[in-house]
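Q: Starting off with a structure, shown below.
The values are calculated or read from the model by the stated rules, or taken from the named source; none is laboratory data. Remember, it's a predicted structure, so these values are computed and weren't measured experimentally. Note: ideal-geometry Cβ built from the backbone for every residue, glycine included; neighbour counts use all protein chains shown.
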Amino acid sequence: MAFYILKRLLAMIPTLIGVAVLIFLLLRVVPGDVVEARYIGEGSVFQSQELMDIERKKLGLDQPLWNQFVTWMWGIVRLDFGLSMWTGSPITEEIELRFALSLQLALMASTVATLLAIPLGILAALKQDTWVDYAVRVFSIAGLAMPSFWLGILMILSMLIFFHWLPPMVFTPLWVNPWENLAQLIWPALAVGYRYSAVGTRMMRSAMLEVLREDYIRTARAKGLWLKMILARHALKNAILPVLTIISLEFAFLLGGLVVTEQVFNLNGLGMLFVEGIARRDYTLIQALVMLVASAFLVVNFVVDIAYAWLDPRIRYR
Amino acid sequence: MAVTPQTVDELTRAEKARSRWIAAVLDFARQRPLGAIGGVIILVMVVMAATADFVAPIDPLATDYGAMLSAPGAEHWLGTDAYGRDVLSRMIYGSRTALMVGLGASLIGSVFGAVIGVASAYFGGRVDLVVQRIMDVFFAFPVIILALAVVAILGTGVGNVILAIATPMVPRCARVVRSSALAVREMPYIDAARAAGFGHRRIILRHMLPNVMAPLLIMATAFLGEAILLEASLSFLGLGVTEPTAAWGLMLRGAAVEFAESAPWMAVFPGLAISLAVFGFNLLGDSLRDALDPKLRIQ
C-alpha cells in the first residue's frame with residue numbers, strides 16, 4: 001500500500017509538468033502581452049517602443065522562452081510563484097482571499113449536491129419505474145440542463161420581486177461575519193449544487209439498484225430486518241462510494257471552474273481572477289492559478305483512490 | 001426511363017427499408033417516452049432554426065428605440081431588449097447559433113477524439129502510454145478554463161467558439177472511445193485484416209472506427225447539450241459569440257441582468273430556451289445510451 005501511494009504521488013509529477021508546459025505555451029500563443037495590455041488599455045496607443053521594451057525586460061519577458069520556463073519551474077520547486085505581472089504583488093497574496101471564497105463555495109456546493117443526490121437517488125431506486133422515479137429523473141436532468149448562471153439570475157430576480165431583498169453583493173469572509181457570508185454564498189451554492197447533484201443522483205440510483213439485488217440484502221430481508229435498517233446499514237454503505245467519488249471529483253473543478261456563476265453573484269473568486277488575468281495577459285498569475293486547480297484535481301483524484309482502498313476491503317492496490 | 005422489374009424491386013426494397021426505419025423510431029418512442037420527448041424538443045428546435053427566416057416575426061437585428069424594454073404584448077410577443085430588438089425573434093435565430101455551435105463542436109470534438117482514441121488503442125504499448133499521459137494533462141483543466149484559453153488565442157466569434165468548445169471535448173471522447181476500441185482490437189477480424197496486409201490507416205478507419213460508433217454516438221449526443229451550455233456561458237461572459245448575432249447566452253448578458261427587475265422577460269426567456277434545448281439533448285442522449293449500449297444499460 002505504501003508503495004502504491006508513493007507510486008501514485010510520483011506519477012503526479014509528469015502530469016503537473018505537462019500542465020505547466022501546456023499552459024505556459026498556450027499563454028505565449030495568446031496575442032499580446034501584459035505590457036501591451038496595460039498601455040493599450042490605458043488608451044496611450046503611441047507608447048514608445050523603448051519604454052515597452054524596458055517594461056518587458058523588467059518582467060523578464062525579453063528572455064528566451066525556455067529560460068522563462070525554467071525560471072518559473074525553479075520558482076515552483078521552491079514554492080515561490082513569483083509576482084503578478086500586472087499588480088506586482090506576490091501571487092500568493094493575490095490568490096489568498098479569492099481562494100478562501102472559492103474553496104468555501106465549492107465545499108458548500110458539494111454539500112448541497114450530496115444532500116440532494118443521496119436521498120433522491122435512494123428514492124428513485126426504491127420506487128423504480130414509478131412516477132416517483134420519473135419525477136426524480138426529470139428533476140435531475142433539468143438540473144443538468146439549466147445553466148447555473150441563469151438559475152442564479154432567476155434566484156436574484158425572484159428574491160427582488162417577491163421579497164424586495166437582495167443577497168449581499170460584497171464578499172465578507174466567514175470569520176468576519178458568518179451570517180453575512182452565508183447569506184451571500186448560499187444562493188450560488190444552491191444553484192451550482194443542484195446542477196452537480198444530477199450526476200450523483202443518477203449514480204446513487206443505479207448503484208442502489210445494483211446493491212438491492214445482492215444476496216446479502218435478500219438474506220437481511222429474509223431474516224425479517226426492518227427495511228430502513230437494511231437500507232441504512234447494508235445497502236447504503238455499499239452504494240454510496242461511487243456517488244461520493246463523483247462528487248469529490250467535481251469538487252476539484254468547482255474550485256476554479258465557476259467562472260460564470262461568480263460573475264452573476266459578483267463573487268471575486270478564482271474563476272473571476274482567471275478571466276481578469278487572461279484579459280490582462282498576466283502570465284504568472286494564470287500559470288499559478290492553473291497549477292493550483294490542476295493540483296487540486298490530481299490530489300482529489302489520489303485521495304479518492306486511496307479512500308476507496310481503505311473503505312472497501314475488496315479493493316487492494318499494488 | 002422504362003420501369004423494369006429491377007427498378008420496381010429496388011423501389012419496394014427502399015420502401016421496406018424506410019418503413020423499417022420508421023418502425024424503429026416508433027418502437028424507440030414507445031419504449032422510451034422520455035427520449036421521445038427529447039427528440040420532439042430537438043425536432044422543434046431544428047425546424048425553428050431551419051425556418052427562422054419565415055417563422056421569426058421581426059428581423060432579430062432590427063432596433064426600435066421607440067420600443068425599448070417593452071413588455072410582452074401583441075406586437076412583441078416576448079417583449080423587447082434594451083435596444084428595442086424583438087426577444088422572440090432573437091430567440092428563434094438563437095436556436096440557429098446554438099445548433100451550429102453544438103453540432104460543430106460536437107462533430108469536431110468527437111471526430112478528433114475518436115481518431116486519437118482508436119489509434120491509441122490500436123497501436124498500444126508506448127504510443128498508448130504517451131497519448132494517455134497527454135490526455136491526463138488535458139483532463140486536469142476545468143472545461144471552461146480550457147475553452148477560455150482557446151478563445152483568448154483565437155478570438156471571439158462563432159467559428160472560434162466552436163473550436164474552443166471542441167478542444168476540451170477531444171480528450172474526453174478519446175478516453176471513452178479508447179476503452180471500447182481496446183475490446184475491438186482483440187477481435188479476430190482485426191487480426192484477419194492485419195494478416196491480409198492492410199495498412200494501419202485502413203484498419204483504424206475502416207475496421208475499428210465503425211465498431212466504436214455506438215459509444216461515439218452516445219458521447220456526441222451528450223456533448224451536444226454540453227456544448228450548447230458552454231457556448232451560452234462563454235457568450236454570457238462576452239467571450240463567445242459576439243453582438244449583434246442572436247445567441248441565447250448573449251441575450252442574458254448585460255442589460256438582461258441590469259434591468260432584471262423591470263424587464264424580467266429579457267432574462268427569463270432566453271434561459272428557458274437554453275434549458276429546454278439542453279434538456280432535450282440530454283433526454284435523447286440518455287435514452288439513446290440505454291437503447292444502443294447494452295453494456296451501459298442500467299437495469
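Q: Looking at the stretch B:225-260, which of the residues that are more than 9 Å from chain A (Cβ to nearest Cβ) and over 26 Å from residue B:154 (Cα atoms) is nearest to the chain's Cα centre (by Cα)?
A: So, considering only residues that are more than 9 Å from chain A (Cβ to nearest Cβ) and over 26 Å from residue B:154 (Cα atoms), the one nearest to the chain's Cα centre (by Cα) is B:255.
Q: Residues of the stretch B:102-137 being within 14 Å of chain A (Cβ to nearest Cβ) and within 30 Å of residue B:49 (Cβ to Cβ), which ones?
A: B:102, the sole residue that qualifies.
Q: Testing residue A:260 on (1) within 30 Å of residue A:65 (Cβ to Cβ); (2) among the β-branched types (Val, Ile, Thr); (3) within 13 Å of chain B (Cβ to nearest Cβ), one condition comes back false. Which one is that?
A: Result: residue A:260 passes all but (1).
Q: Then there's this: If you go through the stretch A:74-84 one residue at a time, do you hit one that is more than 30 Å from residue A:136 (Cβ to Cβ), within 14 Å of another protein chain (Cβ to nearest Cβ), in a helix (DSSP H, G or I) and of a type in the set (A, V, I, L, M)?
A: No, that holds for no residue.
Q: Also: Cβ-Cβ distance below 9 Å, separation of 6 or more or different chains: which pairs start in the stretch B:138-162 with a residue that is under 30 Å from residue A:299 (Cα atoms) and facing chain A (nearest Cβ under 8 Å) and end on one that is outside any helix (DSSP H, G or I) and β-branched (Val, Ile, Thr)?
A: Listed by first residue and then by second, the contacts come to B:149/A:30; B:152/A:30; B:153/A:30.
Q: Filtering the stretch A:140-160 down to residues that are part of a helix (DSSP H, G or I) and in contact with a Ser or Thr (Cβ under 8 Å, 6 or more places away or on another chain), which residue is nearest to residue A:119 (Cα to Cα)?
A: We begin by selecting, within the stretch A:140-160, every residue part of a helix (DSSP H, G or I); these are A:140-145, A:148-160.
Filter again for in contact with a Ser or Thr (Cβ under 8 Å, 6 or more places away or on another chain), leaving A:140, A:142-143, A:145, A:148-150, A:152.
Values: A:140: 12, A:142: 17, A:143: 16, A:145: 21, A:148: 22, A:149: 25, A:150: 25, A:152: 24 Å.
Of everything passing the filter in the stretch A:140-160, A:140 is nearest to residue A:119 (Cα to Cα).
Q: Let me ask something else. Can you tell me which condition residue B:275 does not meet? The list is (1) within 10 Å of another protein chain (Cβ to nearest Cβ); (2) over 16 Å from residue B:232 (Cα atoms); (3) of a type in the set (S, T, N, Q), and all the others hold.
A: (2)
Q: Just checking, how many residues over the stretch A:90-145 are touching a Phe, Trp or Tyr at 6+ places or on another chain (Cβ under 8 Å) and at pLDDT 90 or above?
A: Result for the stretch A:90-145: 8.
Q: How many of the residues making up the stretch B:214-269 are aromatic (Phe, Trp, Tyr), more than 30 Å from residue B:118 (Cβ to Cβ) and crowded, with 24+ Cβ neighbours inside 10 Å?
A: Looking only at that region, the number is 2.
Q: Since residue A:38 meets every condition but one in (1) more than 14 Å from chain B (Cβ to nearest Cβ); (2) at pLDDT 75 or above; (3) surrounded by 12 or more Cβ atoms within 10 Å (Cβ to Cβ), which condition does it not meet?
A: Looking at each condition in turn, residue A:38 falls short on (2).
Q: When you check residue A:290 against the structure, is it at pLDDT 80 or above, buried (at least 21 other Cβ atoms within 10 Å of the Cβ) and within 14 Å of chain B (Cβ to nearest Cβ), yes or no?
A: The answer is yes for residue A:290.
Q: Give the residue, chosen from B:222, B:263, B:214, that is away from every other protein chain (no Cβ under 13 Å), on the phi < 0 side of the Ramachandran plot and hydrophobic (A, V, I, L, M, F, W, C).
A: B:214
Q: Scan the stretch A:35-51 and tell me whether some residue there is touching a residue at least 24 places away in the same chain (Cβ under 8 Å), closer than 23 Å to residue B:149 by Cα, in a helix (DSSP H, G or I) and among the charged types (D, E, K, R).
A: Yes - at least one qualifying residue is present in the stretch A:35-51.
Q: Please verify whether the stretch A:125-133 includes one or more residues that are crowded, with 19+ Cβ neighbours inside 10 Å, among the hydroxyl-bearing types (Ser, Thr, Tyr) and either within 14 Å of chain B (Cβ to nearest Cβ) or farther than 30 Å from residue B:249 by Cβ (or both).
A: Looking for residues that are crowded, with 19+ Cβ neighbours inside 10 Å, among the hydroxyl-bearing types (Ser, Thr, Tyr) and either within 14 Å of chain B (Cβ to nearest Cβ) or farther than 30 Å from residue B:249 by Cβ (or both), one finds none in the stretch A:125-133, hence no.
Q: Which ones in the stretch A:263-286 are charged (D, E, K, R) and facing chain B (nearest Cβ under 10 Å)?
A: A:281
Q: Looking at the stretch A:175-193, is at least one residue within 14 Å of another protein chain (Cβ to nearest Cβ), buried (at least 18 other Cβ atoms within 10 Å of the Cβ), touching a helix residue (DSSP H, G or I) at 6+ places or on another chain (Cβ under 7 Å) and not hydrophobic (A, V, I, L, M, F, W, C)?
A: No; the residues of the stretch A:175-193 include none that is within 14 Å of another protein chain (Cβ to nearest Cβ), buried (at least 18 other Cβ atoms within 10 Å of the Cβ), touching a helix residue (DSSP H, G or I) at 6+ places or on another chain (Cβ under 7 Å) and not hydrophobic (A, V, I, L, M, F, W, C).
Q: Report every pair of residues separated by at least 6 positions or lying on different chains whose Cβ atoms are under 6 Å apart, first residue within the stretch A:136-161 and more than 8 Å from every other protein chain (Cβ to nearest Cβ), second part of a helix (DSSP H, G or I) and basic (Lys, Arg).
A: Listed by first residue and then by second, the contacts come to A:143/A:195; A:148/A:195.
Q: Within the stretch A:60-73, which residues are in contact with a helix residue (DSSP H, G or I) (Cβ under 9 Å, 6 or more places away or on another chain) and in a helix (DSSP H, G or I)?
A: Scanning the stretch A:60-73 gives A:65, A:68, A:69, A:72, A:73.
Q: Can you say whether residue A:117 is away from every other protein chain (no Cβ under 13 Å) and either at positive phi or crowded, with 23+ Cβ neighbours inside 10 Å (or both), as far as the supplied structure shows?
A: Yes: the conditions hold for residue A:117.
Q: Residues that are without any contact (Cβ under 8 Å) to a residue 40 or more places away in the chain and within 25 Å of the chain's Cα centre (by Cα): does the stretch A:23-34 have at least one?
A: Yes, some residue in the stretch A:23-34 is without any contact (Cβ under 8 Å) to a residue 40 or more places away in the chain and within 25 Å of the chain's Cα centre (by Cα).
Q: Surrounded by fewer than 24 Cβ atoms within 10 Å (Cβ to Cβ), modelled with pLDDT of 80 or more and in contact with a Ser or Thr (Cβ under 9 Å, 6 or more places away or on another chain): does that describe residue A:301?
A: In short, yes.
Q: Given the criterion surrounded by fewer than 15 Cβ atoms within 10 Å (Cβ to Cβ) and either in contact with a Leu (Cβ under 8 Å, 6 or more places away or on another chain) or of a type in the set (Phe, Trp, Tyr) (or both), identify the matching residue among A:89, A:110.
A: Result: A:89 is the single residue among A:89, A:110 that is surrounded by fewer than 15 Cβ atoms within 10 Å (Cβ to Cβ) and either in contact with a Leu (Cβ under 8 Å, 6 or more places away or on another chain) or of a type in the set (Phe, Trp, Tyr) (or both).
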